[in-house]
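The values are calculated or read from the model by the stated rules, or taken from the named source; none is laboratory data. These numbers were taken from a predicted model, which means no experiment stands behind them. Cβ placement follows ideal geometry from the backbone for every residue including glycine, while neighbour counts extend to all protein chains displayed. These accessible areas exclude ligands, DNA and RNA; they are computed on the full protein's heavy atoms, side chains included. Shrake-Rupley method; radii C 1.70, N 1.55, O 1.52, S 1.80 Å.
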Amino acid sequence: MSALLATLALALLCVLGFAVLTALVSAALWPLCRRLLRRRHPIVRARAAFAFASAPVAVPLLLLALCLAPGVASWLGLHEDHCLHHAGHAHLCLAHPTLALSAPLALVLAVACAGLVAGVARGARRIARSQRELSALPLHACDDFAPGVHRVASARAFSVTSGLLRPQIWLSTALAEALPARQLDAVLAHERAHARRRDALRRLVASVASWAHWPRLRRALRAELALASEQACDEAAARSLGDRLAVAEAILAAERLLGDARAPEHVVLASFAGSAVEARVRSLLAGAPPEPMRGLGWLAPAALAGAIVLTPLLHHATEHVLGLLLRAQ
């Protein structure tokens with residue numbers, strides 16, 4: 001059990017190290033990437049912002065899985081037992097957990113457990129805050145305005161999309177009665193795009209997964225994701241109506257109706273108005289952006305294949321660094 005806990009501590013050290021490296025590389029690459037994507041379609045920008053935001057979790061876990069792969073393969077009999085060739089070396093291997101649990105490694109486990117508990121508590125607070133914000137809106141549907149769209153009897157003008165896995169659209173009677181039919185169609189098309197894209201879930205994942213980024217970069221990525229998501233839904237509404245000007249007018253009209261009585265801003269809520277209105281209207285009036293490039297689905301499998309080819313090098317390099325750390329303790 002002691003050896004298994006020591007190996008777990010080594011794995012956690014790897015995750016932390018990979019997360020720090022990922023944050024450093026992201027901080028260096030994001031400004032260039034943002035300039036290159038400035039005039040691209042909002043869908044592309046949203047994907048890029050989400051990828052950068054979630055990298056501190058996704059990349060370290062992938063690299064750790066690749067580091068553990070040789071030991072798992074040898075345990076399954078799919079590969080020669082590599083651990084026998086370097087006895088005494090630090091082993092990042094679940095099949096041969098031979099390292100004793102030392103005080104520094106025990107400290108790593110304790111800090112990791114404390115961080116996990118703190119993360120769970122923070123997530124619980126976010127969920128509780130979300131529920132409070134949702135309860136602040138009179139979300140009691142008087143009828144269904146359209147499939148998946150609930151009309152709410154309220155003197156406040158608002159439209160929001162809430163929910164993570166099964167998004168629901170809530171439209172107040174005040175907004176529905178105040179907007180002309182064409183502008184109301186734009187609002188509903190925008191909110192349906194939010195629901196279809198599951199933007200609330202994306203924003204929540206990005207908020208949690210970006211924990212290792214520098215605070216300034218984390219704020220920038222979340223702001224870019226929010227703006228690009230709104231603009232992507234605006235583009236979807238404009239394509240649905242065939243009228244970009246109508247969507248821009250709907251944004252301005254909803255903003256005027258909203259006034260100071262805004263819906264709460266949170267990652268699990270997507271509101272039609274009150275979010276980067278000027279940038280969204282300017283984007284709509286500037287004309288349709290270039291369509292997202294297609295036929296690039298091979299990039300992710302190619303990158304994964306390359307990582308698998310480099311797995312032995314990554315595995316041994318990581319074990320070497322761990323060995324240096326262990327000798328220095």
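Summary table
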quantity: Test for R262: is it more than 26 Å from the chain's Cα centre (by Cα), surrounded by fewer than 20 Cβ atoms within 10 Å (Cβ to Cβ) and modelled with pLDDT under 90; calculated: no
quantity: Tally of residues being surrounded by 23 or more Cβ atoms within 10 Å (Cβ to Cβ), out of contact with any strand residue (DSSP E or B) (no Cβ under 7 Å at 6 or more places or on another chain) and over 11 Å from D234 (Cα atoms) across the range 187-201; calculated: 0
quantity: Criterion (at pLDDT 80 or above and either open to solvent by 60 Å² or more (accessible area, probe 1.4 Å) or not in a helix (DSSP H, G or I) (or both)) met by exactly one of L66, L84, L94, L62; calculated: L62
quantity: Hits in the range 148-174 - residues which are among the β-branched types (V, I, T), over 23 Å from the mean Cα position of the chain (by Cα) and part of a strand (DSSP E or B); calculated: V149, V152
quantity: Failed condition for L5, given (1) free of Cβ contacts under 8 Å to residues at least 40 places away in the same chain; (2) more than 15 Å from P60 (Cα to Cα); calculated: (1)
quantity: Exclusive hit being surrounded by 20 or more Cβ atoms within 10 Å (Cβ to Cβ), modelled with pLDDT of 80 or more and either out of contact with any helix residue (DSSP H, G or I) (no Cβ under 9 Å at 6 or more places or on another chain) or among the hydroxyl-bearing types (S, T, Y) (or both), set S240, S229, S271; calculated: S229
quantity: Unmet criterion (only one of (1) in contact with a strand residue (DSSP E or B) (Cβ under 7 Å, 6 or more places away or on another chain); (2) surrounded by fewer than 18 Cβ atoms within 10 Å (Cβ to Cβ)) for P180; calculated: (1)
quantity: Yes/no for H213 being at pLDDT 90 or above, in contact with a Ser or Thr (Cβ under 9 Å, 6 or more places away or on another chain), buried (at least 18 other Cβ atoms within 10 Å of the Cβ) and farther than 25 Å from R35 by Cα; calculated: no
quantity: Complete set of residues in the range 170-224 that are touching a residue at least 40 places away in the same chain (Cβ under 8 Å) and of a type in the set (V, I, T); calculated: V187, V205, V208
quantity: Which numbered condition R203 fails, given (1) modelled with pLDDT under 90; (2) farther than 19 Å from Q231 by Cβ; (3) of a type in the set (D, E, K, R); calculated: (2)
quantity: Near pairs, Cβ below 6 angstrom, 6+ apart or cross-chain, from the range 109-124 (hydrophobic (A, V, I, L, M, F, W, C)) to any residue that is surrounded by 11 or more Cβ atoms within 10 Å (Cβ to Cβ); calculated: L109/A9; A112/L12
quantity: Filtered residues of the range 119-155 (kept if open to solvent by 60 Å² or more (accessible area, probe 1.4 Å), under 20 Å from H194 (Cα atoms) and modelled with pLDDT of 75 or more); calculated: P147, R151
